[in-house]
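For reference, the structure is listed below as structure tokens.
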There are 2 protein chains.
Amino acid sequence: MSLKHLILALVATRQSTGYEITKELDEVAGFFWRATHQQVYRELGDLAETGLLRFREVEQNGKPDKKVYAITAKGRKAFEAWFLEPTDPPRGADPLMIKFFAAELVGIDELRKQLANARAGHEAMLAAYEAIEAQHYAEPMRKMPRWKQLIFMTLRLGMARERAWLEWADESEKALRA
Amino acid sequence: MSLKHLILALVATRQSTGYEITKELDEVAGFFWRATHQQVYRELGDLAETGLLRFREVEQNGKPDKKVYAITAKGRKAFEAWFLEPTDPPRGADPLMIKFFAAELVGIDELRKQLANARAGHEAMLAAYEAIEAQHYAEPMRKMPRWKQLIFMTLRLGMARERAWLEWADESEKALRA
DNA sequence: TATAGATATGCAACTGTATGCATATGGAAG
DNA sequence: CTTCCATATGCATACAGTTGCATATCTATA
């Protein structure tokens, strides 16, 4: 139940609407977590129903009305309790590995094509991360405020992952050529 | 729908039972894919119902009876079609990153503890992979038969992932000490 | 003879994620 | 004046994965 807690954290930092949360998640999308607006609105509903968040409806002119969510004392407590729990490890399941496992049934040539396509995807991902780094995290880490350091570290993990994948792909392509 | 296709691949390589498939998945567990026996039996049922697998019941003495599954022509075709499709990229979501994102709400000390715990988990995972490598993949890759090379490559990806994570953790621990 | 463990199979309920569909306001551009 | 885009919210369905529970055979060990 991680998305619930991510939303809780976002709202704890700054009260906001489903729309805003969705956009914030889109911006950290990929290097960290993904969620659709449908998911976000549903979790907000659940969170409000269980008393971890509360909301007020705000009328706007020039734009549709909105619901602004804020965290409750109960919500803050629940988040802290979750934070202190042991974190379950990510299950790094890559469907491409199934194709490796089964490649001889279809042919190594086809596997090579699959690997090349996957490589393109990972290269694009890494390029996107590097662009974000160049735009927003160019200054040395020790000069950033803590909150920015922390988000930068999540980006760094994304980059480390992609670089490791690409190195593995080099090694594998070489072995498959033989 | 990757588990379905992994099972299809396993059965295509060698006809087998739910029990055997579960054990095979347990052995490659972690560095590749995870599934419970309940999941396996359910997928086998679905696969047989849609005609991608067929099974015969085999009576045993000294052991409970079993169902041996084999792939059908339709199953083989479905698998090949899936193989040729573009692979969707793994969604690398790590719940620990949520704790990074939200660490200032709870305290950097608690984050450090979380990071240390997660590190222990990843170190154990890497050690397990390295043990498998030493036991089963000690010979040079070019001397292995193709099928073994391919499985070894999936193990190598698991190791690359863990090593990248640990390097990232070093970097992050250093930054958090400052 | 009781009990634990390996072999063998499965249902039911729940949680989490993904996908498709639906609606509404108001500004900007063609 | 129509269509597109940003803003704003949500339901319903399906699929995938997790957890708890249940059953049965036979061997080996205490």
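Quick look at the numbers
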item	result
Cut-off 18 Å, label 7 Å out along Cα→Cβ of B:Asn117, residues of segment B:153-178 by amide N	B:169, B:173
Difference of contour (0.36 nm per residue) and Cα-Cα distance, A:Arg42 to A:Gln135	30.2 nm
B:Arg91-B:Asp109 pseudo-label distance in nm [points 7 Å out on the Cα-to-Cβ vector]	3.6 nm
GluC sites (Glu not before Pro) within segment A:25-111, DSSP loop, no more than 11 other Cβ atoms inside 10 Å	A:Glu59
Residue of chain A nearest the A-to-B rotation axis [by Cβ], rounded angstrom distance	A:Ala164, 2
Calculated P(r) of chain A - Cα pairs past 26 Å, %	49 percent
Helix runs (DSSP H) in chain A reaching 30 Å along axis by Cα, Kyte-Doolittle at least -1.0	A:108-136, A:146-177
Nearest-20 debye value, segment B:2-84 charge dipole, Cβ charges on Lys, Arg, Asp, Glu	200 debye
Share of pairwise Cα separations in the protein assembly as shown, more than 26 Å, in percent	59 percent
Check: chain B dipole with +1 on Lys, Arg Cβ and -1 on Asp, Glu Cβ, in debye	620 debye
Accessible surface of the protein assembly as shown [probe 1.4 Å, protein heavy atoms]: carbon and sulfur percent	52 percent
Pairwise burial B:A, computed as accessible area of each alone minus the pair, summed, 1.4 Å, Å²	6300 Å²
Percent of alpha-carbon pairs separated by more than 23 Å within segment A:2-84	18 percent
Inter-copy separations for A:Glu57, label at 7 Å along Cα-Cβ, nm, ascending	6.0
Protection proxy ranking, peptides A:30-36, B:172-178, A:124-130, average beta carbon neighbours within 10 Å, highest first	A:30-36, A:124-130, B:172-178
21 Å Cα-Cα threshold exceeded, pairs from A:Lys77/A:Lys148; A:Lys23/A:Lys66; B:Lys23/B:Lys143	A:Lys77/A:Lys148; B:Lys23/B:Lys143
Residues of the protein assembly as shown: accessible area per residue with a 1.4 Å probe, Å²	53 Å²
Extent along principal axes [Cα atoms of segment B:95-177; Å; largest to smallest]	53, 17, 16
Normalised contact order of segment A:95-177, rounded percent, pairs of Cα under 8 Å and 6 or more residues apart	40 percent
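The values are calculated or read from the model by the stated rules, or taken from the named source; none is laboratory data. Quantities reported herein were computed from a predicted structural model and do not represent experimental measurements. Cβ coordinates were reconstructed from backbone atoms using ideal geometry, including for glycine residues, and neighbour counts include every protein chain displayed. Side chains are part of the model used for accessible areas, which takes the heavy atoms of the whole protein and leaves out ligands, DNA and RNA. Shrake-Rupley method; radii C 1.70, N 1.55, O 1.52, S 1.80 Å.
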